[in-house]
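A.B. asks: Once you've had a glance at the structure underneath, I'll fire off some questions.
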Amino acid sequence: MTAPRAVLIGTMGAGKTTVGQLVAGALGVPFADTDTVIEQRIGKTVQEMFVDDGEQAFRALEREVVAEHLAGHDGVLSLGGGAVLDPGTQALLEPHRVVFLRVGLAEAVKRVGLGVGRPLLLGNVRSRVKVLLDERAPIYEGLARFIVDTDGRAPEDVAAEVVAALAALEETP
């Protein structure tokens with residue numbers, strides 16, 4: 001069985017895609033983002049799927065894509081922010097090197113802007129991000145092998161910390 005070298009989790013604006021690409025490059029392995037895989041598979045954006053098919057249909061497809069990639073992707077894998085809400089996905093993540101990229105409210109709001117293209121941010125962006133952070137942070141923390149804070153840091157610095165933490169994990173028997 002092939003397993004990812006690292007699985008990045010965190011809320012929107014944490015930098016999972018940007019940092020994931022940098023980590024994959026540093027390790028010389030492929031990068032995959034489950035939201036991008038879903039968009040390629042269905043031929044429309046995640047936002048369009050939310051509108052056209054509903055969140056439940058999206059989450060079902062997301063569960064399937066995450067499970068496939070946890071079992072068959074040998075690089076760095078970035079999960080959509082809500083993927084970890086599914087108990088089945090949580091169980092699948094248990095044996096993996098899960099990295100929680102933690103971002104604070106102010107930084108997350110700054111990074112996601114007005115939430116364009118983010119279906120869960122319709123309405124007041126700041127209050128929606130706060131609700132998502134409060135709701136999901138305990139889950140992210142519970143799944144993570146290690147946590148990397150991203151506030152006020154360059155993606156390259158965050159990626160270097162992730163690479164160093166992965167190296168330390170590989171050295172631990």
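A.B. asks: Determine the per residue accessible area of the chain with all protein chains present and a 1.4 angstrom probe, expressed in square angstrom. Mind showing how you got there, number by number?
C.D. replies: Numbers: 8210 Å² over 173 residues.
Heavy-atom accessible area per residue stands at 47 Å².
A.B. asks: Quick check: net charge around residue 148, other residues with Cβ under 10 Å of its Cβ, Lys/Arg +1 and Asp/Glu -1?
C.D. replies: Summing Lys/Arg as +1 and Asp/Glu as -1 gives -1.
A.B. asks: In a Debye calculation with equal point scatterers on the alpha-carbon sites of the chain and no solvent, what is log10 I(q)/I(0) at q = 0.20 Å⁻¹?
C.D. replies: Ignoring solvent entirely, the Cα scatterers give -1.49.
A.B. asks: Determine how large the accessible area of residue 50 is when every protein chain is in place; take a 1.4 Å probe and give Å² rounded to the nearest 10.
C.D. replies: Ignoring ligands and nucleic acids, residue 50 comes out at about 30 Å².
A.B. asks: Going Cα to Cα from residue 110, which lysines come in below 22 Å? Please leave out same-chain ones fewer than 8 positions away.
C.D. replies: 16, 130
A.B. asks: Which percent of the accessible area of segment 1-78 is formed by carbon and sulfur heavy atoms (probe 1.4 angstrom)?
C.D. replies: Carbon with sulfur: 48 percent of the solvent-accessible area.
A.B. asks: From the phi angles alone, apply the Karplus equation (6.51, -1.76, 1.60; θ = phi - 60°) to segment 152-157 and give each ³J(HN,Hα) in whole Hz, x where the residue is Gly or Pro.
C.D. replies: x, 10, 5, x, 5, 5
A.B. asks: Would you work out the relative contact order for the chain, in percent, from Cα pairs under 8 angstrom that are 6 or more residues apart?
C.D. replies: Values: 263 pairs, mean separation 59.7, N = 173.
Once normalised by length, the contact order is 35 percent.
A.B. asks: Tell me which residues come under 5 Å, amide H to amide H, from residue 97 once H is placed; ignore anything under 5 positions away on its chain.
C.D. replies: Residues meeting the criterion, in which the H sits 1.01 Å from N, are 7.
A.B. asks: Please give, to one decimal in nm, the separation of the simple spin-label points placed at residue 74 and residue 145, each 7 Å out from Cα toward the Cβ.
C.D. replies: Each label point is offset 7 Å from its Cα along the Cβ direction, giving 1.7 nm.
A.B. asks: Rounded to the nearest 0.05, what FRET efficiency do residue 154 and residue 36 have when you use their Cβ-Cβ distance and R0 = 22 Å?
C.D. replies: E between residue 154 and residue 36, to the nearest 0.05, is 0.45.
A.B. asks: Need the full-extension length gain, residue 29 to residue 96, defined as separation in residues times 0.36 nm minus the C-alpha distance. One decimal, nm.
C.D. replies: Extra length from residue 29 to residue 96 when fully extended: 22.5 nm.
A.B. asks: Can you compute the modelled spin-label distance between residue 60 and residue 44, with each label point 7 Å from Cα toward Cβ, in nm?
C.D. replies: Distance between label points: 1.5 nm.
A.B. asks: Shifting gears a bit: For the chain, what is the calculated [θ] at 222 nm in deg cm²/dmol (nearest 500), taking -39500 (n - 2.57) for each run of four or more DSSP H residues and dividing by its residue count?
C.D. replies: -17500 deg cm²/dmol
A.B. asks: With each label point set 7 Å from Cα along the Cα-Cβ vector, what nm distance links residue 67 and residue 127?
C.D. replies: For the pair residue 67/residue 127, the computed spacing is 3.7 nm.
The values are calculated or read from the model by the stated rules, or taken from the named source; none is laboratory data. Just so you know, these numbers come straight off a predicted model, no measurement behind them. Cβ: placed from backbone, ideal geometry, glycine included. Neighbour counts: every protein chain shown. Accessible surface is based on the protein model in full, side chains and every heavy atom, while ligands, DNA and RNA are left aside. Shrake-Rupley method; radii C 1.70, N 1.55, O 1.52, S 1.80 Å.
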